[in-house]
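Structure record follows, encoded as structure tokens.
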Amino acid sequence: MPVTVSYDSDGKLSLSGLQCDCPCEHHQLDMDIYVGRGLIGRVPELIRRRGLGDHCVLVADDNTYRVAGADVEKALVKNGFSVSPCVIHRQGDMLPDDGACGEVLLSITRDTQFLIAVGSGSVTDTTRINAERTGLKFVSVGTAPSMDGYISAVAPLLHRGVKIQRPAKCPDIVICDLDVLATAPMEMIASGVGDVLGKYIAKADWQIGNIINGEPYCPVCAGLTANAVNALVEHVDEIAAKTEKGMRILIEALLLAGVTIGIIDNTRAVASIEHNIAQYWEMILVQQGVRPPMHGASVGVATLLVWPLYERFAREDLTALDLESIKARRMSREARERWMVRAFGEEGGRLIMRENPGDFLSWEEQERRIHAAQTHMEQIREVIAQLPPLATVERVMRTLNADMTPQQENIPQDLLCLSMWCGKDYRTRYTLLKTIDECGLLPAYLQAYPCDFA
Ligand SMILES: [Zn+2]
Ligand SMILES: [Zn+2]
């Protein structure tokens, strides 16, 4: 049965057809999701329905407080809630760093019963980690359809300048007012679209992980995100015009990505190599004190960068591989350690290696994977053939005036080259770039991205 999305008269989203007998453990989602017009004034009522209590800390930054936070606060106070505002003031962009997380923590008192984040990525993640650590209930009011992290059990954060991911709390209630979303600047909307377009690659990599390593694959979750990204591609003009329908399609795609994270308790359906590359840019630029491009905008550009590698691999003849030569060219464990430290820094590189101990393969395992790729090449080709033509994705991004190249995003050439080589090493999660590397083909595929170490 295909998954269907519907809304009741309150704008509450429900899903049917989630029954699945895949090997992934499925979790029941216990969360109220509202999408509709005029919802800001109804926030108090929607919170009362779930009985989260009366005392809250409202988290926003200067911008999101102005756009919606002040109105949410007013509505809550009028309806008898006690609200402690935690508006995080910054000169430039607010980041989900130690300082911001600390400000939220210190705004929480023993009376606090729930946290309410009014904002997009940074505000929501900063609040989410605090909800996780304090065990408080958590409401997310979205202000921009700019990223897919509203419903997420993971918070990307900046800890001592290093980008980290931490398990964090999924909101109990998510409220997305379409009128508020439509006020978001086009740059943020394009970023949301970029984030969704990356799902094509995420799905392909998940299927390839299933083929090569027998990784558990959930067709329901993959189907949810695939339908959402296809709808987005089809209705890009509505999105560009910020119509009610366009905003709904975009936020739905972003929320459903999160729903899959809730169902299988990981981000497999929504993030793969394109996210690794984008996150790498962000991490290094932040370390250098440079303002990184928006998350989804980078994901969109990284998606365009890796796409041709997939198309090329589909034309590859793996029967011609010379295993002895691949074995001879393998990186030793010591060389790999040096490479990880070079790519991710002393602290970051060692942390990634600690958290992904299986990432240095024995030759036996590498050989097994090569044979698996050779044996199942036809299946891998079918997976890649499901991708739409690259021109379709490019057209979508052009319609929204999105960044198309790393140069437009001011990614320095050396950072770009390094990211193309090390994106696959960010975590164990299997991606076609790992297949290409394990088959000894990476230098040929990344010729346009010279890197002195590789
Ligand atoms: Zn994302
Ligand atoms: Zn499943």
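Structure data summary
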| item | result |
| --- | --- |
| Selection from the range 45-66 of residues that are crowded, with 22+ Cβ neighbours inside 10 Å and among the aliphatic types (A, V, I, L, M) | Ile47, Val57, Leu58, Val59, Ala60 |
| Top-ranked residue in the range 75-102 [being touching a strand residue (DSSP E or B) at 6+ places or on another chain (Cβ under 9 Å) and within 24 Å of Gly11 (Cα to Cα); ranked as surrounded by the fewest Cβ atoms within 10 Å (Cβ to Cβ)] | Val77 |
| Filter result (modelled with pLDDT under 90 and surrounded by fewer than 24 Cβ atoms within 10 Å (Cβ to Cβ)) within the range 131-155 | Ala153, Val154 |
| Tally of residues being more than 29 Å from Ser16 (Cβ to Cβ), part of a helix (DSSP H, G or I) and either within 23 Å of the chain's Cα centre (by Cα) or not hydroxyl-bearing (Ser, Thr, Tyr) (or both) across the range 45-79 | 16 |
| Pairs, first surrounded by 12 or more Cβ atoms within 10 Å (Cβ to Cβ) in the range 346-359, second outside any helix (DSSP H, G or I), C-beta under 6 Å, six or more apart | Gly348/Val162; Asn356/Arg427; Asn356/Thr428; Asp359/Thr428 |
| Helices (runs of 4 or more DSSP H) enclosed by the range 174-276 - at least 2 residues per element that are surrounded by fewer than 23 Cβ atoms within 10 Å (Cβ to Cβ) and in contact with a Phe, Trp or Tyr (Cβ under 7 Å, 6 or more places away or on another chain) | 199-213 |
| Test result for Ser272, closer than 19 Å to Leu157 by Cα and either away from ligand 2 (no atom under 16 Å from the Cβ) or hydrophobic (A, V, I, L, M, F, W, C) (or both) | yes |
| Residues of the range 12-44 that turn out to be under 25 Å from Phe81 (Cβ atoms) and either touching a Cys at 6+ places or on another chain (Cβ under 9 Å) or within 13 Å of ligand 2 (Cβ to nearest atom) (or both), as a count | 7 |
| Single condition Val162 does not satisfy, out of (1) closer than 23 Å to Met31 by Cα; (2) of a type in the set (A, V, I, L, M, F, W, C); (3) assigned by TED's automatic domain parsing to the domain that holds Leu46; (4) away from ligand 1 (no atom under 16 Å from the Cβ) | (1) |
| Qualifying residue in the range 111-121 (condition: modelled with pLDDT under 95 and under 28 Å from Arg268 (Cβ atoms)) | yes |
| Close pairs (6 angstrom Cβ cut-off, 6 or more residues apart or separate chains): among the charged types (D, E, K, R) in the range 421-432, surrounded by fewer than 23 Cβ atoms within 10 Å (Cβ to Cβ) anywhere | Arg427/Asn356 |
| Single residue of the range 288-322 satisfying the filter (hydrophobic (A, V, I, L, M, F, W, C), assigned to a loop (DSSP other than H, G, I, E, B) and surrounded by fewer than 24 Cβ atoms within 10 Å (Cβ to Cβ)) that is farthest from ligand 1 (Cβ to nearest atom) | Leu321 |
| Selection count where residues are in a loop (DSSP other than H, G, I, E, B) and over 13 Å from the mean Cα position of the chain (by Cα), scope the range 146-173 | 7 |
| Per-region count, the range 203-216, residues over 18 Å from the mean Cα position of the chain (by Cα) and either small (Gly, Ala, Ser) or near ligand 2 (Cβ under 9 Å from one of its atoms) (or both) | 3 |
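The values are calculated or read from the model by the stated rules, or taken from the named source; none is laboratory data. None of the values given here were measured: they were computed from a predicted structure. With ideal geometry, Cβ positions are generated from the backbone for all residues, glycine too; neighbour counts draw on all protein chains shown.
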